[in-house]
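Following: one structure in structure tokens, then a few remarks.
The values are calculated or read from the model by the stated rules, or taken from the named source; none is laboratory data. Please read all numbers here as calculations on a predicted model, not as lab measurements. Backbone-built Cβ (ideal geometry, glycine too); neighbour counts: all protein chains shown. Each accessible area value is taken on the protein alone, full model and side chains, heavy atoms only, with ligands, DNA and RNA left out. Shrake-Rupley method; radii C 1.70, N 1.55, O 1.52, S 1.80 Å.
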Amino acid sequence: MLFKVIGCLFVILSFSACASKTSIDIKQQVALQKEATSIIQQFANTLKPQLKQALQHGGPAYAIETCSKAAPLLTTQLSKQTGWSIKRVSLKARNHHTAIPNSWEKSILQQFNRDQADGKSPSTMQASRIENGTYQFMKAQSVTPVCLLCHGENLKPDVVAALKKYYPQDQARYYKLGQIRGAFSLTKQL
Ligand code: HEC
């Protein structure tokens with residue numbers, strides 16, 4: 001009898017462990033959001049100085065080469081360190097291996113664009129959902145003056161040449177100040 005009860009309990013426990021989580025309480029949600037935001041901050045705090053240094057050292061065309069190595073490397077390192085899957089996505093991708101949004105990400109990016117056109121501040125734009133036992137979080141990234149060197153309308157010829165070399169499928173140009181360039185998209189298994 002006891003074995004039967006224990007066996008049954010085991011079945012119930014393993015079933016609930018396997019069933020994917022569909023909801024979490026608000027406290028958990030706030031904690032996850034904080035964690036995701038701090039990873040995004042860490043990404044920016046690491047990449048921006050590297051980009052700045054490369055820009056000062058060799059100009060934007062040189063910095064594109066630096067960025068083409070540093071950005072994917074940093075994403076992999078941070079993912080390993082934190083256990084979160086980390087992506088940067090865009091409706092107009094530069095890196096077509098990493099930055100193409102899935103359907104949820106696409107709909108959120110479209111919403112960010114509509115909000116930006118309505119005058120909402122990009123720094124407040126974020127979204128989250130729970131899907132297939134994962135928590136997913138997105139945060140908008142907008143265009144500031146420095147971004148225009150590599151994502152703007154009037155790119156220098158050597159920048160155009162570097163983009164052609166490293167990103168032949170590049171779509172991430174012709175942006176104007178304040179527009180939404182893309183978003184961070186982070187996922188954690190619950
Ligand atoms: C020196 C040129 C340069 C500057 C300046 C620059 N970027 Fe980029 N950006 C790149 C390159 C190169 C990539 C592709 C990196 C990769 O392969 O992951 C990229 C990729 C991105 C992506 C990932 C999505 C995609 O399309 O691949 C986002 C988001 C992004 N940049 C936002 C910005 C923002 C916001 C700024 C200004 C704060 C900025 N970038 C400034 C060169 C630049």
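Points worth noting:
- Output for the stretch 140-190, where each listed residue is among the small types (Gly, Ala, Ser) and under 21 Å from residue 56 (Cα atoms): 152, 161, 162
- The residue of the stretch 80-93 that is nearest to the ligand (Cβ to nearest atom), among those that are open to solvent by 30 Å² or more (accessible area, probe 1.4 Å) and under 18 Å from residue 141 (Cβ atoms), is 88.
- When the stretch 35-45 is limited to residues that are surrounded by fewer than 16 Cβ atoms within 10 Å (Cβ to Cβ), within 15 Å of the ligand (Cβ to nearest atom) and not aliphatic (A, V, I, L, M), the one that is nearest to residue 138 (Cα to Cα) turns out to be 41.
- Within the stretch 47-54, at least one residue is surrounded by 14 or more Cβ atoms within 10 Å (Cβ to Cβ), within 17 Å of the chain's Cα centre (by Cα) and either more than 8 Å from the ligand (Cβ to nearest atom) or within 24 Å of residue 155 (Cβ to Cβ) (or both).
- Selected residue [near the ligand (Cβ under 9 Å from one of its atoms) and touching a residue at least 60 places away in the same chain (Cβ under 8 Å)] from 172, 161: 172
- Residues in the stretch 175-187 that are more than 8 Å from the ligand (Cβ to nearest atom) and aliphatic (A, V, I, L, M): 177, 180, 186.
- Considering residues of the stretch 130-146 that are within 8 Å of the ligand (Cβ to nearest atom) and open to solvent by 30 Å² or more (accessible area, probe 1.4 Å) only, the residue nearest to residue 86 (Cα to Cα): 141
- Close pairs (6 angstrom Cβ cut-off, 6 or more residues apart or separate chains): within 18 Å of residue 173 (Cβ to Cβ) and part of a helix (DSSP H, G or I) in the stretch 57-79, charged (D, E, K, R) and open to solvent by 20 Å² or more (accessible area, probe 1.4 Å) anywhere: 61/158
- Filtered residues of the stretch 105-127 (kept if open to solvent by less than 50 Å² (accessible area, probe 1.4 Å) and touching a residue at least 24 places away in the same chain (Cβ under 8 Å)): 105, 108, 109, 112, 122, 125
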